[in-house]
1. Based on the mean of other Cβ atoms within 10 Å per residue, sort peptides A:182-192, A:39-49, B:1-11 so the most packed one is first.
2. What is the sum of charges, Lys and Arg at +1 and Asp and Glu at -1, for the other residues whose Cβ falls under 14 Å from the Cβ of A:Glu126?
3. Along Cα→Cβ, 7 Å out, is where each label goes; now give me the distance between the ones at A:Phe41 and A:Ala84 in nm to one decimal.
4. Using a 7 Å offset from the Cα along the Cα-to-Cβ direction at both A:Ile184 and A:Phe221, what is the distance between the two label points in nm, to one decimal?
5. Would you mind getting me the FRET efficiency between A:Ile240 and B:Val29? Use the beta-carbon distance for r and R0 = 45 Å, nearest 0.05.
6. Report, as an integer, the average count of C-beta atoms from other chains found within 10 Å of each Cβ along A:46-53.
7. DSSP loop GluC sites (Glu not before Pro) in segment A:23-124 with at most 11 other Cβ atoms within 10 Å of their Cβ, which ones?
8. If I model a spin label at B:Leu13 and A:Lys26 as a point 7 Å from the Cα along the Cα→Cβ vector, what separation in nanometres do I get?
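A short reminder: the numbers here are calculations on the coordinates, not readings from a lab. None of these values were measured; they are calculated from a predicted model. All Cβ positions, even for glycine, are placed from backbone atoms using ideal geometry, and neighbour counts span all protein chains on display.
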Amino acid sequence: MNLPAAILSTGLSILFLVVLFRPLEKLFPAREGQKFMRPAFWTDLCFLLGQYLLWSGLVFWALNHFRGGLDGFVPPNFRAAVAAQSWWLQAVEMIVLSDFIIYWAHRLQHGVPFLWRFHSIHHSAEHLDWLAAHREHPLDTIYTVGLINLPAFILGFPLETLAGFLAFRGLWAIFIHSNVRLPIGPLRMIIGAPELHHWHHDKARDAGNYANISPLMDILFGTYRCPDHEPESFGIHEPISKHYLGQLWHPFRRRRESSGTRESSDSARESPLPECGRIPPQGMDFPAPGRQTSPEMAR
Amino acid sequence: MNLQSKLARVAALLFSLTLLAGYVVYSHVTPNTPPPDPLGLNEVESRQEPDSFAFGGAVKADNTSPSSERPANELRIISSKVINQPVFSVHQHPRPSFKALLHLWNSSDGPAVHYVDPSIRFHMFGIHLEPLYSDDPSPPK
């Protein structure tokens with residue numbers, strides 16, 4: 001696909017995303033009064049256009065080489081043994097392994113200063129909506145997408161058989177960033193929900209809810225959080241450029257302190273599993289509604 | 001909340017759910033389309049001037065192969081978000097055009113014959129209209 005075709009397909013895609021998500025954001029807002037053209041709208045639009053028009057080719061190129069490199073290491077009879085299983089078992093294995101790997105890879109992004117340099121770009125968004133989901137450094141994308149595809153690459157699972165499911169997951173991953181609060185009830189435990197991921201974007205760096213879509217890994221490893229209100233604020237504490245190019249360059253800037261920036265928050269501690277909206281009993285490490293959760297305010 | 005806003009909410013929800021379901025079903029049943037690659041990192045094919053475009057369907061974040069024999073531009077992946085690729089894809093096709101082809105050939109039976117072949121091709125949004133006349137006419141006897 002050349003540039004004009006890519007521009008046309010990008011325009012169609014943006015139109016589709018606006019038509020899909022904007023009515024929900026308007027009628028079911030998680031934060032009342034957030035406008036379509038909110039602050040940093042153009043920065044996030046640059047990220048979207050960059051992802052679609054510039055970096056997608058780089059990501060596919062990198063993944064293709066990654067996959068090709070893996071082919072040499074995976075014994076053919078291992079793949080034959082995997083392929084001999086029933087299709088549904090392969091699909092479950094692939095999904096569970098992908099979720100497991102991306103959960104821990106995501107925790108590493110928050111815990112390892114070098115990875116956080118790149119991942120902090122995604123968290124620098126101070127206004128969450130469908131567009132803010134696209135704010136991601138291209139090298140962070142390669143890391144994430146490479147690892148989430150690792151099981152499929154190794155197992156040799158035919159992903160085209162799950163095309164509809166994967167398309168749903170892709171759009172749902174945008175949805176959980178959107179400025180929407182929908183009461184989907186227990187379905188939240190299977191496919192995730194914006195209120196969970198919004199807490200992941202709380203200003204606290206280790207705010208929990210690391211799972212990609214389904215919160216099952218968070219529940220399993222004790223990082224599930226679901227207070228009954230929206231976080232006070234999104235973004236990060238460290239200074240970062242407000243502009244697209246500045247944010248792309250941010251991970252490569254020299255730092256005065258490399259590892260002393262880890263933040264912690266009372267509200268981010270690992271926790272048992274409460275219902276959304278239920279006030280946790282005393283002793284549980286949850287913020288009361290309206291309580292500021294950032295470390296500065298907590299202090 | 002009054003009845004009007006309740007109805008608006010239900011309508012918005014149904015509308016978005018319908019779009020979502022339509023996209024998911026469409027992604028599942030349409031053939032795979034190659035990922036956009038404006039930088040040409042994964043393409044080896046020759047470039048043509050952009051003319052017109054056909055809707056290529058939803059780009060599916062799926063379908064990889066264990067074999068490294070698959071060309072790079074056919075790689076399909078799981079995307080953590082649909083951010084690595086546009087949701088939809090278009091294909092490039094030649095512009096709707098009127099072509100007058102001048103065929104020259106020499107026959108051992110007679111003198112060189114000049115033959116003009118007007119042909120029209122349309123490619124619009126995946127609809128391919130057959131040319132009105134053959135592109136490759138047989139030489140007149």
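1. Working: A:182-192: 14.5, A:39-49: 18.3, B:1-11: 10.5.
Ranking, from highest mean packing down: A:39-49, A:182-192, B:1-11.
2. Numbers: positive: A:Arg31, A:Lys35, A:Arg38, A:Arg135, A:Lys203, A:Lys242; negative: A:Asp44, A:Asp129, A:Asp202, A:Glu230, A:Glu232, A:Glu238.
Summing Lys/Arg as +1 and Asp/Glu as -1 gives 0.
3. Spacing of the two 7 Å Cα→Cβ label points: 5.9 nm.
4. 2.2 nm
5. Values: r = 43 Å, r/R0 = 0.95.
With a Förster radius of 45 Å, E is 0.60.
6. Working: counts 0, 1, 2, 0, 1, 6, 8, 4.
Per residue, the average neighbour count from other chains is 3.
7. On the way: sites: A:Glu25, A:Glu32, A:Glu93; in loops: A:Glu32.
The qualifying sites are A:Glu32.
8. Placing both labels 7 Å beyond Cα along the Cβ direction yields 1.8 nm.
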